[in-house]
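What follows is a set of notes on a single structure, which appears directly below.
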Amino acid sequence: MLDVRRLALLAAVLDSGSMTAAAEQLGYSPSAVSQQLRRLEIEAGQPLLHRQARGVRPTEAGTVLAGHARHVLRRLEAAEADLAELAGLRRGTLAIGTFPTVASALMPPVVSRFRRQFPDIRLDVRSARFDELVAMLETGRVGLSLLWDYEWDRVDPGAFSLTPLLDDPTVLVVAEDHRLARRRHTTMAELAGEDWIVRAHDHPVAEVLERSCRAAGFSPRIAFEANDYQEAQAMVSVGVGVALAPRTAVSAPRPDVRVLGLGRDAPSRRVLVAHRPERLWAPAERAMHQMLVEVAREYQTRA
């Protein structure tokens, strides 16, 4: 393959009219320019220049090759400009994964702030279940993703680079007329006689409930299995039972339910941002990562 730097020398010599002028322009010695062009002629397999007492003129092959050289150099300049725009966050696409509870609580201010600061970056936010988010990270369909875990089932730190964003405490949701509705905090021991609403399909919050009740000395009596937290709140509001939920899942609770803290009586989950360790950070990914850290810190301060 022809050497691009030698092609650039050929174009410079022909555009300036002499090896001396090209050498001065590019910071080479005339002898170095001459030597590199000799090597280019060997690569091309034919003479490229007629060397004269007062400068040089191209052979037919030199004219053809110089035309290609100028085109290649223009494309390289365009490539550098494109990379500069990406690095300067003036163009490009960023794909990020999230999950529903955090998507509703944390992502709106993140998306709003990112779009204000980087209006030319196309933001592709994909909400999915945990296994799908991991698959999207592994295949590169997203550069970053929010994930969560509990202390008994941590995300493998060998699989991803992980940045903890916040601790998402487990809270209690009760109807507005429940006996504890006027309280701000309670304990699991006070809930031994309650009926419980839990997420269906082996949802992690079901294990949170089981572990929390067991630690308090009782087994939960399940009254209803809900498909999402909105359905759980609706059943709580009409007195079917009480429910546990991550705080981010009830950041905008129904007006007819109340949310109580449980302190250390129920385990919290960790919300993380994950990145594949061998993947080179794109500038937009780095900017989004920093913004997630900042917004999570603000959210935790307000909560």
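The values are calculated or read from the model by the stated rules, or taken from the named source; none is laboratory data. Everything numeric here is computed off the predicted structure, so don't read it as measured data. Quick reminder, even Gly has a Cβ in these numbers, built from the backbone with ideal geometry, and neighbours come from all protein chains shown. Just so you know, the surface numbers come from the protein's heavy atoms only, side chains and all, with ligands and any DNA or RNA stripped out. Shrake-Rupley method; radii C 1.70, N 1.55, O 1.52, S 1.80 Å.
Using the structure shown, decide if T186 is of a type in the set (V, I, T) and out of contact with any Pro (no Cβ under 9 Å at 6 or more places or on another chain).
Yes: the conditions hold for T186.
Does at least one position in the stretch 80-90 carry a residue that is small (G, A, S) and open to solvent by less than 30 Å² (accessible area, probe 1.4 Å)? Looking through the stretch 80-90, none of the residues is small (G, A, S) and open to solvent by less than 30 Å² (accessible area, probe 1.4 Å). Here's a check for you: in the stretch 192-218, which residue that is out of contact with any Asp or Glu (no Cβ under 9 Å at 6 or more places or on another chain) and among the basic types (K, R) is least open to solvent (accessible area, probe 1.4 Å)? The residue in question is R211. The single residue among R51, R70, R75 that is part of a strand (DSSP E or B) and of a type outside the set (A, V, I, L, M, F, W, C) turns out to be R51. Checking each residue in the stretch 264-280 for being surrounded by 13 or more Cβ atoms within 10 Å (Cβ to Cβ) and either touching a helix residue (DSSP H, G or I) at 6+ places or on another chain (Cβ under 8 Å) or within 30 Å of E190 (Cα to Cα) (or both) picks out D265, A266, P267, S268, R269, R270, V271, V273, A274, H275, R276.
Checking D82, D15 one by one, the residue that is in contact with a Lys or Arg (Cβ under 8 Å, 6 or more places away or on another chain) and either in a helix (DSSP H, G or I) or of a type outside the set (S, T, N, Q) (or both) is D82 and no other. You will find that of A135, A189, A128, the residue that is open to solvent by 10 Å² or more (accessible area, probe 1.4 Å), without any contact (Cβ under 8 Å) to a residue 24 or more places away in the chain and among the hydrophobic types (A, V, I, L, M, F, W, C) is A135 and no other.
Pairing each residue of the stretch 226-243 that is assigned to a helix (DSSP H, G or I) with any residue that is modelled with pLDDT of 95 or more and of a type in the set (D, E), provided the two are 6+ apart or on different chains, yields C-beta distances under 7 Å for S237/D256. From the list R214, R258, R221, R276, which one is of a type in the set (K, R) and within 31 Å of the chain's Cα centre (by Cα)? From the options R214, R258, R221, R276, the qualifying one is R276.
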